[in-house]
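Participant: My questions will all concern the structure given below.
A short reminder: the numbers here are calculations on the coordinates, not readings from a lab. Nothing here was measured: the structure is a model prediction, and the numbers come from that model. Positions of Cβ are generated from backbone atoms using ideal geometry, with glycine treated the same way; all protein chains shown enter the neighbour counts.
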Ligand SMILES: Nc1ncnc2c1ncn2[C@@H]1O[C@H](COP(=O)(O)OP(=O)(O)OP(=O)(O)O)[C@@H](O)[C@H]1O
Ligand SMILES: [Mg+2]
């Protein structure tokens, strides 16, 4: 039995972890093995003794931290197996050997040591006899070194694992990054699209709000203007009516100066009347009598008037489109429109410039400004100049009544507002294209006449040609005492008997009584029961009794219902009052025709 066979028994209960910390001792001769094992064990090292080299190889294969060998154990032995074990170590392993040599057996004097060092690799030579402390320290150092080697495969593995983790994390990151970029691009595109939509919605809202504000402003100014114009028309009716009487009164007098003063008063009153009619045009409450008109023809006949109104400073070019549709408008207003635009164009131009007057057919879509026409078909008159153009600020206010950039006395600021009022009341609109320093083009859109409008023959509103009769009694209803007085005087002067009342109620009372009335002349706008309401009530009781309306203005639909033949405009100009009264009476025939209403006198 080998002296230390038990120690190297492979059935030893040493566990695997401890195996790797073992110090294997190969010292087959003498007591070296026992001594070394004891010293090491006392120092806490797990020391195992091996009988021979093959056993050492077996134990090495099972696991050890260091091998302590005496050089005589391997000097003459075949160490090929050991050398092969050493070579076959994994890369992390460099197994430590401690070789105990005889005194003087060091490398320099020991050629075998060279060979052993080569075969064993990591070898420490210790010369005997040695101090136990040296042995313990050398073995512990070797075990510590071996311990670090054990850690390295784990570390290596850990590094490898973490490297592979890092690589896969990097790959994942790259993949995420790429998909993130795609997602970011996608989201950015979505956000940009949403943003674009939002911006366009905001712009659209601002445009609509601006249009609405502009419309409300124009509407408010329009209402104010028409109220003022209405009151002025009443005043002017009184002034002009009385003036007529005074003029006739002094006709025989030889006082030329007095006559001249009177003519000044008439001129001033007529200018006032023109002003109120411009205001009413702007507020779209003027009386219009639309007809189907060939605009090319109408403009051609205006050419001379235009050129003389503009003077010789600018030239007028015309481009009249053949095949122009007919327009459905009041022809009397057309001249005013063109003159206003042409004068504006001339005022913006230099001497020698030319102005272009053009006509065209147009189909328009949704309006972008309150002045533009609603969608539909239009005949367009455009007046284009190459003059100063308008700034944004001027353009924004150009349609407002009394807005002018012209010096005092040169412009009243009513031109464009009047043109716009007329165009809109006719059912059209205006569009202005302008550039500072380059010029302006003002396009007036007039509604295209329907076939039925073209065929319609206009009745003679004056009743001219009919026989006049003056033996009639007229009931005059007006709440304004001064207007009523002057109107009654004018009618009496025409030869009629006139009954005057100041309200609709009084008129109905009078008609209900025992009286004869041939014609009723009503103020259209009255407090309480207005003219239209009174006319309805009269008509329900006395269906054949004719009614004429006197008006400073009225809304478009009411005016359209009544018709021009039954309307007399305040202030009375020319013979309109006489003509319309005559015409209305002529329609009902002589007094005893049966269309008579009892009248209480
Ligand atoms: N063709 C144009 N070129 C440049 N500015 C214009 C043109 N037409 C109008 N304007 C500007 O618009 C303003 C208002 O014009 P509008 O015709 O309403 O009044 P006006 O010409 O000043 O006075 P009015 O026509 O009552 O005599 C003008 O004062 C001018 O500043
Ligand atoms: Mg003008």
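Participant: Taking just the alpha carbons, could you work out the radius of gyration and Dmax for segment 157-233, both in angstroms?
Facilitator: Just the Cα atoms of segment 157-233 yield Rg and Dmax of 32.0, 108 Å.
Participant: Counting other beta carbons within 10 Å of each residue's own, what order do 483, 501, 228, 419 fall into, fewest first?
Facilitator: Placing the least packed residue first, the sequence is 228, 501, 483, 419.
Participant: On to the next question. Where does each of 490, 49 land when they are ranked from fewest to most other beta-carbon atoms within 10 angstrom?
Facilitator: 490, 49
Participant: Here is a further query. Roughly what angle does helix 531-541 make with the longest principal axis of the chain, taking Cα atoms, 0 to 90 degrees, to the nearest 10?
Facilitator: 60 degrees
Participant: Can you give the Rg/Rh ratio of the chain, where Rg is from the C-alpha atoms and Rh is the Kirkwood radius? The partial results should precede the final answer.
Facilitator: On the way: Rg = 60.8 Å, Rh = 34.8 Å.
Ratio of gyration radius to Kirkwood radius for the chain: 1.75.
Participant: Something else: Would segment 140-281 count as rounded, prolate or oblate if I go by the C-alpha gyration tensor, calling it rounded below 1.5 in a/c and otherwise prolate when a/b exceeds b/c, oblate otherwise?
Facilitator: prolate
Participant: A follow-up question, please. Taking R0 as 22 Å, what's the FRET efficiency between residue 275 and residue 436 from their Cβ-Cβ distance, rounded to 0.05?
Facilitator: Using R0 = 22 Å, I get an efficiency of 0.10.
Participant: Helix 331-348 versus the longest principal axis of the chain: what is the Cα-based angle in degrees, 0 to 90, to the nearest 10?
Facilitator: The angle comes out at about 60 degrees.
Participant: Relative to the compact globular guide of 2.2 N^0.38 Å, what is the alpha carbon radius of gyration of segment 291-455, as a ratio?
Facilitator: Taking the Cα Rg and dividing by 2.2 N^0.38 Å, one obtains 0.99.
Participant: Could you work out the relative contact order of the chain, using alpha carbon pairs under 8 angstrom and six or more residues apart, expressed as a whole percent?
Facilitator: Values: 917 pairs, mean separation 58.5, N = 601.
For the chain, the relative contact order is 10 percent.
Participant: How far apart, in nm, are the 7 Å Cα→Cβ label points at residue 177 and residue 396?
Facilitator: Spacing of the two 7 Å Cα→Cβ label points: 5.3 nm.
Participant: Taking every DSSP beta bridge that has both residues in segment 278-389, what percent is antiparallel when rounded to the nearest 5?
Facilitator: DSSP beta bridges in segment 278-389 are roughly 70 percent antiparallel.
Participant: For the residue pair residue 223 and residue 247, what label-to-label distance in nm results when each label sits 7 Å from Cα along the Cα-to-beta-carbon direction?
Facilitator: Placing both labels 7 Å along Cα→Cβ, they lie 3.8 nm apart.
Participant: Cα centroids of segment 59-98 and segment 324-377: how far apart, whole angstrom?
Facilitator: 116 Å
Participant: Can I ask one more? Hey, what did segment 140-281 get for relative contact order, percent, Cα under 8 Å, at least 6 apart?
Facilitator: Relative contact order here is 25 percent.
Participant: Please figure out what share of the DSSP beta bridges in the chain is antiparallel and state it in percent, rounded to the nearest 5.
Facilitator: Taking every DSSP beta bridge with both residues in the chain, the antiparallel ones total about 45 percent.
Participant: Quick check: residue separation of residue 148 and residue 512 times 0.36 nm, minus the Cα distance between them. What number comes out in nm?
Facilitator: Fully extending the segment from residue 148 to residue 512 adds 117.8 nm.
Participant: Counting only helical runs of four or more DSSP H residues, what would the 222 nm mean residue ellipticity of the chain come to if each run contributes -39,500 (n - 2.57) and the total is spread over all its residues?
Facilitator: That comes out to -17000 deg cm²/dmol.
Participant: Within a 10 angstrom radius of the beta carbon, how do 378, 496 rank from fewest other beta carbons to most? Could the numbers behind the result be given before it?
Facilitator: Numbers: 378 25, 496 22.
With the fewest neighbours first, 378, 496 line up as 496, 378.
Participant: I've got another one for you. Quick one: grab the alpha carbon gyration tensor of segment 200-330, order the square roots of its eigenvalues as a ≥ b ≥ c, and give me rounded if a/c is under 1.5, else prolate or oblate depending on whether a/b is larger than b/c. Don't skip to the answer; put the middle values down first.
Facilitator: Working: a/c = 2.66, a/b = 1.45, b/c = 1.83.
Oblate.
Participant: Residue 211 versus residue 354, label points 7 Å from Cα toward the beta carbon: distance in nm?
Facilitator: Between residue 211 and residue 354, the simple spin-label model gives 3.7 nm.
Participant: Cα axis of helix 32-42 to longest principal axis of the chain: angle in degrees, 0 to 90, nearest 10?
Facilitator: 40 degrees
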